[in-house]
1. Could you go through segment B:441-448 and let me know if any residue there is under 27 Å from the mean Cα position of the chain (by Cα) and buried (at least 17 other Cβ atoms within 10 Å of the Cβ).
2. Going residue by residue through segment B:52-59, is there one that turns out to be of a type in the set (S, T, N, Q), at pLDDT below 85, within 26 Å of B:His373 (Cβ to Cβ) and surrounded by fewer than 24 Cβ atoms within 10 Å (Cβ to Cβ)?
3. Please state which one of B:Ala120, B:Ala137 is within 23 Å of B:Leu9 (Cα to Cα), in contact with a helix residue (DSSP H, G or I) (Cβ under 9 Å, 6 or more places away or on another chain) and crowded, with 19+ Cβ neighbours inside 10 Å.
4. Take B:Ala356 and decide whether it is aliphatic (A, V, I, L, M) and over 23 Å from B:Tyr67 (Cβ atoms).
5. Scan segment B:292-317 for residues that are more than 27 Å from the chain's Cα centre (by Cα) and of a type in the set (Phe, Trp, Tyr) and jot them down.
6. Looking at this structure, is B:Ala406 farther than 30 Å from B:Thr115 by Cα, within 26 Å of the chain's Cα centre (by Cα) and assigned to a loop (DSSP other than H, G, I, E, B)?
7. Determine whether segment B:292-303 contains at least one residue that is touching a residue at least 60 places away in the same chain (Cβ under 8 Å), within 14 Å of another protein chain (Cβ to nearest Cβ) and either within 30 Å of B:Ala54 (Cα to Cα) or crowded, with 22+ Cβ neighbours inside 10 Å (or both).
8. Scan segment B:510-534 and report the pairs whose first residue is surrounded by 15 or more Cβ atoms within 10 Å (Cβ to Cβ) and whose second residue is acidic (Asp, Glu) and modelled with pLDDT under 90, with Cβ atoms within less than 8 Å and a gap of 6+ or a chain change.
Amino acid sequence: MSDQERPPFFSTWRRMYIAVLVNLVLVILLFYIFMIWFS
Amino acid sequence: MSSIDWIVLVGTLLFIVVYGVWKSRGEKNIDDFLLADRTMPWYVVGISIMATQASAITFLSAPGQAYMDGMRFVQFYFGLPIAMVILCVTFVPIFHRLNVYTAYEFLEKRFDLKTRALTAFLFLVQRGLACGLTIYAPSIILSSILGWNIYYTNLFMGGLVVIYTVAGGTKAVSITQMQQMAVIFIGMLMAAIMIVYLLPENLSFSESLKVAGKMGKLNVIDFKFDLKNQYNVWSGLIGGLFLMLSYFGTDQSQVGRYLSGKSIGQSRLGLLFNGVIKIPMQFSILLIGALLFVFYQFHQPPLHFNNVEVEKINNSLLAPEYKALVAKNEQVFKEKQVYLDGLIQAIKSGDEEKSAAFGVLATSKQTEMTSLHSEVKKLMKKNDETAETNDTNYVFLSFVMRFLPAGLIGLLIAVIFSASMSSTSSELNALASTTVVDIYKRMFKQEGSDRHYLVVSRITTVLWGIYAILVAMFANQMGSLIEAVNKLGSLFYGTILGIFVVAFYFKRVKGAFVFYAALVAEAVVLYCFWIELTAFLWLNLIGCAAVVFISLILSGVSPVRVNET
């Protein structure tokens with residue numbers, strides 16, 4: 001089974017993983033802003 | 001329930017079952033039955049992974065949890081995206097390349113038969129019981145609120161799942177999970193819209209959130225490091241990471257989902273899809289609970305949400321005491337309205353100082369109501385030692401039954417059924433896979449035909465289905481054992497993950513070392529649990545670290561290594 005399949009939107013899997021982790025950081029940041037804003 | 005609710009409920013469930021059986025019809029082989037012939041695209045893999053994890057309790061419990069305790073539970077999932085990335089890098093390519101049916105098959109290739117057998121056995125014991133509770137947990141709530149017979153509810157829910165899981169195998173499981181998730185999404189969206197619609201007219205959505213925030217229910221993030229605190233950013237990121245790695249990497253009910261992907265890339269995308277969607281989804285469900293809290297600031301909530309227990313106390317000698325607490329609760333609720341009016345006016349005028357002050361006053365009244373809630377729970381226990389006093393899981397469904405219109409009630413009950421069935425089907429499929437591949441085929445009949453294993457897989461699925469329904473039937477006689485069974489998974493997950501981590505990252509360590517390291521690590525985890533050393537999530541890390549550490553020590557001092565080098 002091929003491991004060479006490229007991910008969508010990103011040229012490498014490594015970049016895809018980084019995007020997922022950056023998204024996590026942004027989500028935590030957004031939640032924090034949400035909490036502060038409404039509290 | 002009205003007849004329109006019954007039509008919506010039965011129609012939705014029958015459509016899902018018939019559609020699943022029809023779409024997965026045709027000649028099958030064992031590969032097709034256990035892994036959908038490894039042909040599933042990423043979105044089916046991703047939704048299947050999410051549907052497997054999200055059981056009925058997720059949708060019943062999470063809004064109730066936010067109502068009682070705020071939204072901090074969402075932090076539990078912060079380790080999930082990191083776990084998805086690690087699985088994509090390590091587990092997925094290896095499982096795919098080795099062409100395994102189960103995660104445990106890999107352990108024999110890497111270590112030996114006894115390590116494979118030990119992990120497969122632990123999985124079967126824990127998941128077999130958990131599968132029964134996946135059926136039982138929503139059944140007990142539905143039977144309490146709707147007055148249904150719990151045995152028929154268990155039988156109906158479990159029976160429907162067995163029909164399509166036996167008929168269509170993994171393909172039917174994945175296809176029905178797509179429909180089930182669609183029902184869940186539509187149902188929860190409608191519930192959220194209805195809650196917002198039912199909020200007071202003078203309160204906008206943003207102002208409602210401010211009321212929730214000022215009263216401490218939007219406590220989404222807590223950066224304070226505290227080992228005893230189950231839900232903060234660090235326990236979620238670190239403890240949650242190890243729990244999610246264990247669950248998604250070593251539990252066959254999840255491994256089977258992404259092994260059905262048609263390529264390594266499609267399996268990876270399915271996992272990453274889950275990594276991106278899961279946290280916002282959980283946040284949305286908790287937000288429904290926070291909005292429900294705001295709704296109940298303006299509508300008198302019951303003192304206790306479990307009607308069965310309320311009826312029991314009402315018909316007991318303690319009824320006068322209970323009624324006094326109810327009257328007191330109504331009195332405090334009325335007093336709270338003054339502060340809530342002040343809070344709303346302050347929010348509308350943008351006066352931060354006043355809104356903070358009124359928020360504190362309203363919260364103090366809410367705390368008084370919480371104390372009365374605790375008192376009524378004690379009263380229930382005094383009346384009946386076995387009383388189910390935790391009503392968190394009843395908050396959402398109680399609202400649905402009291403305030404939603406006909407048709408929507410049926411849809412929301414269909415959501416509960418769909419969520420339970422989507423988890424149960426994956427569990428049955430995984431239990432059958434592990435029993436056939438890791439036990440029957442490996443230890444009893446290695447040279448059977450493909451057709452033979454297919455028949456055995458179907459029989460095994462039926463037998464596990466019967467077992468799960470029986471566990472569900474007898475679960476209400478298990479008392480506090482239920483909680484123990486729920487914790488059982490977390491007690492073993494860390495150790496099992498440790499075995500896999502050693503397998504992947506420490507090539508020098510041999511099977512015998514990791515086997516004995518796992519036994520010692522498990523004893524360490526049980527001891528830590530016994531003395532209540534830390535919050536639950538950290539046990540996953542302790543178990544995993546102990547296996548790695550002890551197996552490295554054993555392989556370091558072993559004469560085998562000396563001979564080898």
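The values are calculated or read from the model by the stated rules, or taken from the named source; none is laboratory data. This is a predicted model, so every value here is computed, not measured. Please note: Cβ atoms are built from the backbone with ideal geometry, for glycine as well, and neighbour counts cover all protein chains shown.
1. First, pick out the residues of segment B:441-448 that are under 27 Å from the mean Cα position of the chain (by Cα): none.
Among the residues of segment B:441-448, not one is under 27 Å from the mean Cα position of the chain (by Cα) and buried (at least 17 other Cβ atoms within 10 Å of the Cβ), which makes the answer no.
2. Looking for residues that are of a type in the set (S, T, N, Q), at pLDDT below 85, within 26 Å of B:His373 (Cβ to Cβ) and surrounded by fewer than 24 Cβ atoms within 10 Å (Cβ to Cβ), one finds at least one in segment B:52-59, hence yes.
3. It is B:Ala137.
4. Details: aliphatic (A, V, I, L, M): yes; over 23 Å from B:Tyr67 (Cβ atoms): no.
No; evaluated as a whole, the condition is false for this residue.
5. The one that is more than 27 Å from the chain's Cα centre (by Cα) and of a type in the set (Phe, Trp, Tyr): B:Phe298.
6. Values: farther than 30 Å from B:Thr115 by Cα: yes; within 26 Å of the chain's Cα centre (by Cα): no; assigned to a loop (DSSP other than H, G, I, E, B): yes.
In short, no.
7. Yes, there is a match, as at least one residue in segment B:292-303 is touching a residue at least 60 places away in the same chain (Cβ under 8 Å), within 14 Å of another protein chain (Cβ to nearest Cβ) and either within 30 Å of B:Ala54 (Cα to Cα) or crowded, with 22+ Cβ neighbours inside 10 Å (or both).
8. B:Gly511/B:Asp112; B:Ala512/B:Asp112; B:Phe515/B:Asp112
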